[in-house]
Amino acid sequence: MKTPVARPLDGKTALVTGGSRGIGRAIAVELASAGAFTYINYVRSEEAARETLKIVEDQGGKGSLLRFDVSDFDAVNDAIQGITKETGRIDILINNAGVTLSGLFVRTKPEAWNSVMDVNLTGAFNCCRAVARYMIKQRWGRIVNMTSVVALSGNAGQVCYSASKAGIIGLTKSLARELGSRNICINAVAPGFIETDMTGSMEGKSRGEALDQIPLGRAGMPDDVAGVVGFLVSGKADYITGQVMHINGGLYM
Ligand code: NAP
């Protein structure tokens, strides 16, 4: 009989917000393949979330679906409490859930601004806030927050989105300073142009223009991001906190 090979995240519990599709799906598969019991969060796409879980299980991983809206403080708290009841712990949080919004600033309504902030920035706050006390007690935790290249470069037509993603960087750095003494590492990843539903609706011309600016000459794939997230939550990154990792094919340096 073969002895099972130990995996780097065996015994850990992870939560990936927005794990139903795109980058979140690839991250959920990455963490579960590394041995973490992985909760796959979604808000609308139950079928897609089930598909993520199927891929996780087909690759020998374990996980579970967890529906909640990251912008709902109470719902997030209930969900995290549920995780700790089921598994006794929460070790890894990936704040990946996000929405985008493009349009001229002078036409942007306050409701639109709020809807992006509620998910992208308040959602990350809600999830960090809910896991922090458990991670502090455990004296171990890893959090990865999803920002974006446009948080650093800016982008005309994406004021709300880039402001929400710039906020993520401040949250990441301050929290890394506050929780470092408890062995909790908090980092951000800043993807460039990654092929997902979010970028799929870009029209031919602007798509071509975006690709032209990438020195590596191609769009990124969700796995390009997932590999870096997998590294950041692994033992190989135990001395990395408060950093922003750029995954953009050279689009922004
Ligand atoms: P995507 O394909 O549009 O997927 C978005 C995910 O977020 C879905 O799983 C969605 O769940 C979830 N979500 C949205 N609102 C939510 C809410 N209120 N509560 C819980 N989950 C919610 O996006 P993606 O391209 O994979 O992007 C993932 C992250 O990377 C986002 O934060 C995005 O801003 C960031 N990012 C993406 C790119 C890119 O080029 N694609 C570049 C830089 C940064 P449902 O399926 O249930 O709707």
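The values are calculated or read from the model by the stated rules, or taken from the named source; none is laboratory data. The structure presented is a predicted model; accordingly, all values stated were derived computationally and were not measured. Cβ atoms come from the backbone with ideal geometry, glycine included; neighbour counts cover every protein chain shown. All accessible areas refer to the heavy atoms of the entire protein, side chains included, with ligands and DNA or RNA removed. Shrake-Rupley method; radii C 1.70, N 1.55, O 1.52, S 1.80 Å.
Student exercise: in the chain, how many lysine pairs 8 or more apart or on different chains have Cα atoms under 18 Å apart? Before the final figure, lay out each step's value.
Values: 12/62; 12/85; 12/137; 12/236; 54/62; 62/85; 85/137; 165/173.
Lysine pairs meeting both conditions in the chain amount to 8.
Highest first, please rank the peptides 159-169, 210-220, 111-121 by the mean number of other Cβ atoms sitting within 10 Å of their residues.
Working: 159-169: 21.4, 210-220: 13.5, 111-121: 17.5.
Sorting 159-169, 210-220, 111-121 by mean packing, highest first, produces 159-169, 111-121, 210-220.
On a 1.4 Å probe surface of the protein chains, which of 134, 42, 239 comes out largest in accessible area, and what is the full order?
Details: 134 40, 42 20, 239 220 Å².
Descending accessible area places them as 239, 134, 42.
For the chain, what % of the accessible area comes from carbon and sulfur atoms, probe 1.4 Å? If you can, show how the numbers build up before the last one.
On the way: 6620 of 12700 Å².
C and S atoms contribute 52 percent here.
Using modelled amide H (1.01 Å from N, peptide plane; none on Pro or chain starts), what sits under 5 Å from the amide H of residue 157, excluding residues fewer than 5 places away?
105
Using only alpha carbons, build the gyration tensor for region 3-47 and give me the equivalent ellipsoid semi-axes, biggest first, whole Å. The partial results should precede the final answer.
Numbers: eigenvalues 102, 17, 11 Å².
Each semi-axis is √(5λ); the values are 23, 9, 8 Å.
Sort 29, 5 from largest to smallest accessible area, using a 1.4 Å probe on the heavy atoms of the protein chains.
Values: 29 20, 5 125 Å².
Of 29, 5, the descending order of accessible area is 5, 29.
In square nanometres and to one decimal, what's the mean projected area of the convex hull around the Cα atoms of region 1-104? Don't skip to the end; give the middle numbers.
Working: hull surface 31.0 nm².
Computing the convex hull of the Cα atoms and averaging its projections yields 7.8 nm².
Could you rank the peptides 87-93, 196-202, 59-65 by their average count of other C-beta atoms within 10 Å per residue, with the highest value first?
Details: 87-93: 20.7, 196-202: 13.9, 59-65: 15.6.
Going from most to least packed, we get 87-93, 59-65, 196-202.
Taking a quarter of the surface of the convex hull around the Cα atoms of the chain, what do you get in nm²?
Here the figure is 14.4 nm², rounded to one decimal.
Once all Cα-Cα distances of region 169-253 are split into 5 Å bins that start at 0, what whole-number percent is in each one?
Pairs per bin, as whole percents: 3, 14, 20, 19, 15, 12, 9, 5, 2, 0.
On average over all directions, what projected area in square nanometres does region 65-162 have, based on the convex hull of its Cα atoms?
On the way: hull surface 28.0 nm².
Averaged projected area of region 65-162's Cα convex hull equals 7.0 nm².
Any idea of the accessible area per residue across the chain, 1.4 Å probe, to the nearest Å²? Provide the component values of the computation, followed by the final result.
Working: 12700 Å² over 253 residues.
For the chain, the per-residue accessible area is 50 Å².
How much accessible surface does residue 125 have with a 1.4 Å probe, in Å² rounded to 10?
Here the residue's solvent-accessible area equals roughly 90 Å².
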